[in-house]
Amino acid sequence: MTRTITVRGRGFVSAQPTEVFVSLESAAVRPTAAEAFGEATRRHAALDALCEELGIDERRRTTTGTSVFEYREQVEDAISWRATYSTVVHLEDAELAGRLLREAVEKVEARVAGGPWWRVGTDDPARLEACRLAAADAERRATVYAEALGLRRSNVLRVVEVGASDLGREGPGPVSFGSSEEPELRPGTAEISAAVDVAFELEAPA
């Protein structure tokens with residue numbers, strides 16, 4: 001009977017994020033649903049035009065939601081309608097992200113709905129380093145368990161990657177700033193993690 005052990009190795013590496021995501025909302029409140037939707041659509045188009053002006057490719061802009069609903073600022077107010085478009089923009093330049101936030105608020109009456117969210121690039125060497133550390137961790141764990149059982153770790157029988165993630169930092173939610181200010185966005189650091197399950201054969205010591 002073959003004796004085996006399966007362990008989970010984990011690897012963690014700190015890296016500086018190189019990509020940033022921000023969520024912008026184009027909204028309007030009007031007496032009728034049609035008027036609200038029409039104005040929100042106009043503002044959404046203006047946000048698109050601003051992105052084009054800043055050189056942000058259409059493929060990096062995702063419409064994540066749109067809605068029209070009844071709206072009252074105060075309970076006693078007459079019913080109005082509020083329409084919204086939500087857009088997430090993906091950038092690789094924190095300085096450009098700051099400019100986008102400022103000009104979106106100033107020029108096209110957008111609202112900063114969320115973010116910034118930071119991510120380490122998919123081709124960053126830190127990702128492979130986390131995998132290497134996870135494999136080494138699995139090997140160490142298997143060795144310790146085997147020795148504690150009076151056995152010896154032998155051949156690798158199976159390797160399964162079970163997870164990888166970015167434990168990045170998210171900035172504040174909705175923000176506001178004056179016309180002369182440009183928000184400074186600091187990416188800080190993110191922790192890249194990898195996990196792998198490795199099955200080893202166990203043998204009696206020689």
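Computed from the coordinates by the stated procedures, all read-outs in this text should not be read as laboratory data. All values reported here derive from a predicted model rather than from experimental measurement. So basically every Cβ, Gly included, is an ideal-geometry build from the backbone, and we count neighbours across all protein chains shown.
List of remarks:
- Computed from Cα atoms, the angle from the helix 33-53 axis to the main principal axis of the chain rounds to 60 degrees.
- Positive-pole candidate from Gly188, Ala138, Ala45, dipole of the chain, charges at beta carbon: Ala138
- Between Leu149 and Glu203, full extension at 0.36 nm per residue minus the direct alpha carbon distance yields a gain of 18.4 nm.
- CD proxy at 222 nm, helix term only [per DSSP H run n ≥ 4: -39500 (n - 2.57); per residue of the chain; nearest 500]: -10000 deg cm²/dmol
- Near Ser86, once Lys and Arg are set to +1 and Asp and Glu to -1 for all other residues with Cβ below 14 Å from its Cβ, the sum equals +2.
- Sorted fewest first by neighbouring Cβ atoms within 10 angstrom, Phe200, Phe12, Phe69, Phe37 come out as Phe69, Phe12, Phe37, Phe200.
- Charge sum, other residues only, whose C-beta stays under 15 Å from Ala164's C-beta, Lys/Arg counted +1 and Asp/Glu -1: -3
- Between 0 and 90°, nearest 10: helix 94-108 axis offset from the chain longest Cα axis: 20
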